[in-house]
Amino acid sequence: MLRKPVLGWAMYDWANSAYATTVMAGFFPVFFRTFWSGDSAETTFRLGLTNSLASLTIALMAPVLGAIADRGGRRKGFLYSFAALGIVMTACLFMVAQGQWQAAALAYGLATIGFAGSVVFYDSLLVDVAEPEEYEWVSSLGIGLGYLGGGLLFALNVLMVRDPAMFGLADANEAVRYAFLSVGVWWAIFTIPIALHVREDPTANRAPGLTAVRDGLRQFAGTLREVRKQSNLLWFLAAYWLYIDGVYTIIKMAVDYGMSLGIEPSDLLFALLVTQFVGFPSAIVFGWFGARVGARAGLFVAIGVYLAVTVWATQLEDASQFFGVAIVIGMVQGGVQSLSRALYARLIPPDKSGEYFGFFNMLGKFAAVLGPVLSGWVTLYTGSGRAGILSIAVLFIVGAALLTRVKPAPVS
C-alpha cells in the first residue's frame with residue numbers, strides 16, 4: 001500500500017481537498033457576501049446560480065469527456081487540464097477587488113468546474129494503480145488523506161483570518177485573499193506526485209486527435225445502451241443517488257440547522273474542523289473494514305449510522321451535542337465516499353473507467369437535490385425544523401433497500 005503509484009494517486013485527494021474545504025465550504029460563501037457582492041437577497045441568488053451552473057456544466061460534460069479520454073488514452077491529460085483550470089482560477093480570486101462580484105463569480109465557477117472535472121479522471125485512475133482486492137484500501141487512503149490535507153490547510157487559513165497580524169497581514173479581508181492564494185499553491189504542489197508516479201494503463205487501439213473525439217462520442221452512445229441492460233449497475237446508481245443525496249444534504253444544511261438552534265458561528269466552524277480531522281483515521285479504518293467484509297457491507301454500516309444521526313439531530317439542544325454529531329459524521333462520511341467509489345470500480349469495465357466514473361460523478365453533482373426539497377417541504381408543512389431534518393432518513397432507508405439488490409462480483 002506504500003508503493004509510489006498508490007501514494008501518488010492518493011496525494012491528489014490531499015491536493016484538491018484544500019479547495020473543497022477552504023474555498024467551497026469555508027470562506028468563499030462568506031467573503032462573496034461581505035466583500036464582493038454585499039449582504040442582500042441578490043447575493044444568495046448570484047451564489048446559488050454560480051454553483052448550479054458550474055455543477056450542471058461538469059455533470060453534462062463528464063461522461064462524454066470520459067469516453068473521449070478512454071478512447072484516446074488521455075485520462076491523465078484531462079486531469080491535468082481541469083486541475084490547471086481550477087488552480088489558476090482559485091489563485092485569481094486573490095486579485096479580485098472589492099465589489100467586483102461578477103469577476104469573483106466567474107473565477108469561482110471556473111475553479112469549481114476545474115475541481116469537479118479533475119476528480120472525474122482522478123477517480124477513474126483507481127483501476128490503474130490498484131488491484132481489485134485493494135480498491136477499498138486505496139480508495140479510503142485517498143479520502144483519508146483528503147480530510148487530513150484539507151483540514152490542515154483550513155486550520156491554518158482560519159488562524160490567518162482570526163489573527164492576521166501574526167502573519168503580517170493588515171486585516172481579515174487580506175487574510176482571506178491570501179487563503180485563496182494558498183489553496184492554489186497547495187493544489188499545484190501536491191498534484192506533482194500523481195504526475196510523477198501514476199501511469200495510465202495503455203489503451204488498446206488508442207485513437208489520435210479528432211478520431212478519439214468521434215470514437216468517444218460513439219462509445220458514449222453505446223455505453224448508454226449498455227448501462228440500461230446492466231441491472232446490477234443500475235441498482236447501485238439508483239441507491240447511490242439516494243443515500244449520497246442524504247449525505248450531501250446533511251453536509252450543506254448542518255450549519256444552517258445549527259444556527260437555527262442558536263449555536264454560535266465560531267462553534268459551528270470548529271465543528272467543521274473536528275469533522276475533517278476525525279474523517280482522516282476513520283476513512284482508513286473503513287478501508288480496512290470494507291476489505292474484510294466487502295464494500296457493500298461497509299456501506300450498510302455507514303448508512304445505518306447516518307440514519308441514526310438524523311434521528312439524533314432532532315434532539316439537539318446545545319453546541320456540545322452538535323460537536324457529538326460532528327464527530328459521528330466524521331467517522332462515517334469518508335467511509336461512505338470511499339467504499340462507494342470502491343464498489344463502483346468493481347461493477348464497471350476497467351477499459352471504460354473514465355466514462356463510467358463520469359456517470360458516477362454526474363450523479364454526485366445532481367445529489368442534494370431531493371433532500372433539501374424534502375426537508376424544506378416537511379418543515380413548511382409541520383412548522384418544525386426538527387421534522388424536516390428527520391425526513392432525510394427516507395433517503396437513507398430507500399437507498400439502503402436498493403443497495404440490497406446489488407450483487408458485487410467476487411474478487412478473484
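Here are the numbers:
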read-out	value
Neighbours by Cβ (under 7 Å, 6+ apart or cross-chain): first from the range 149-175, without any contact (Cβ under 8 Å) to a residue 24 or more places away in the chain; second hydroxyl-bearing (Ser, Thr, Tyr) and surrounded by 13 or more Cβ atoms within 10 Å (Cβ to Cβ)	160/178; 169/178
Test: residue in the range 22-31 that is modelled with pLDDT of 85 or more, open to solvent by less than 30 Å² (accessible area, probe 1.4 Å) and under 14 Å from the mean Cα position of the chain (by Cα)	yes
Residues located in the range 394-409, provided they are open to solvent by 60 Å² or more (accessible area, probe 1.4 Å) and either within 18 Å of residue 246 (Cα to Cα) or free of Cβ contacts under 8 Å to residues at least 24 places away in the same chain (or both)	394, 397, 398, 404
Given (1) part of a helix (DSSP H, G or I); (2) more than 24 Å from residue 81 (Cβ to Cβ), number of the condition residue 150 does not satisfy	(2)
Count of the range 185-227 residues which are open to solvent by 40 Å² or more (accessible area, probe 1.4 Å), at pLDDT 70 or above, in a helix (DSSP H, G or I) and not hydrophobic (A, V, I, L, M, F, W, C)	4
Test: residue 97 is open to solvent by less than 60 Å² (accessible area, probe 1.4 Å), at pLDDT 85 or above, outside any helix (DSSP H, G or I) and hydrophobic (A, V, I, L, M, F, W, C)	yes
Members of the range 166-184 that are of a type outside the set (Gly, Ala, Ser) and part of a helix (DSSP H, G or I)	166, 167, 173, 174, 176, 177, 178, 180, 181, 183
Output for the range 1-20, where each listed residue is open to solvent by 10 Å² or more (accessible area, probe 1.4 Å) and assigned to a helix (DSSP H, G or I)	4, 5, 7, 11, 13, 14, 17, 20
Hits in the range 398-412 - residues which are modelled with pLDDT under 85 and aliphatic (A, V, I, L, M)	409, 411
Of all residues making up the range 271-286, the number that are small (Gly, Ala, Ser) and under 17 Å from residue 342 (Cα atoms)	2
Residues that are under 25 Å from residue 332 (Cα atoms) and touching a Phe, Trp or Tyr at 6+ places or on another chain (Cβ under 6 Å), drawn from the range 147-177	147, 148, 149, 151, 153
Some residue of the range 121-141 being closer than 15 Å to residue 190 by Cα and either open to solvent by 20 Å² or more (accessible area, probe 1.4 Å) or outside any helix (DSSP H, G or I) (or both)	no
Qualifying residue in the range 264-277 (condition: touching a helix residue (DSSP H, G or I) at 6+ places or on another chain (Cβ under 6 Å), hydroxyl-bearing (Ser, Thr, Tyr) and either modelled with pLDDT under 80 or surrounded by fewer than 14 Cβ atoms within 10 Å (Cβ to Cβ) (or both))	no
Long-range neighbours under 6 Å by Cβ, at least six apart or interchain, first residue closer than 23 Å to residue 362 by Cβ and in contact (Cβ under 8 Å) with a residue 24 or more places away in the chain within the range 123-139, second open to solvent by 30 Å² or more (accessible area, probe 1.4 Å) and of a type in the set (Asp, Glu)	128/200; 128/201
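The values are calculated or read from the model by the stated rules, or taken from the named source; none is laboratory data. Since the model is a prediction, treat every value here as computed from it, not as a measurement. Using ideal geometry, Cβ is built from the backbone for each residue, glycine included, and neighbour counts are taken over all protein chains shown. For the accessible areas, the whole protein counts, side chains as well, though only heavy atoms, and no ligand, DNA or RNA atoms are used. Shrake-Rupley method; radii C 1.70, N 1.55, O 1.52, S 1.80 Å.
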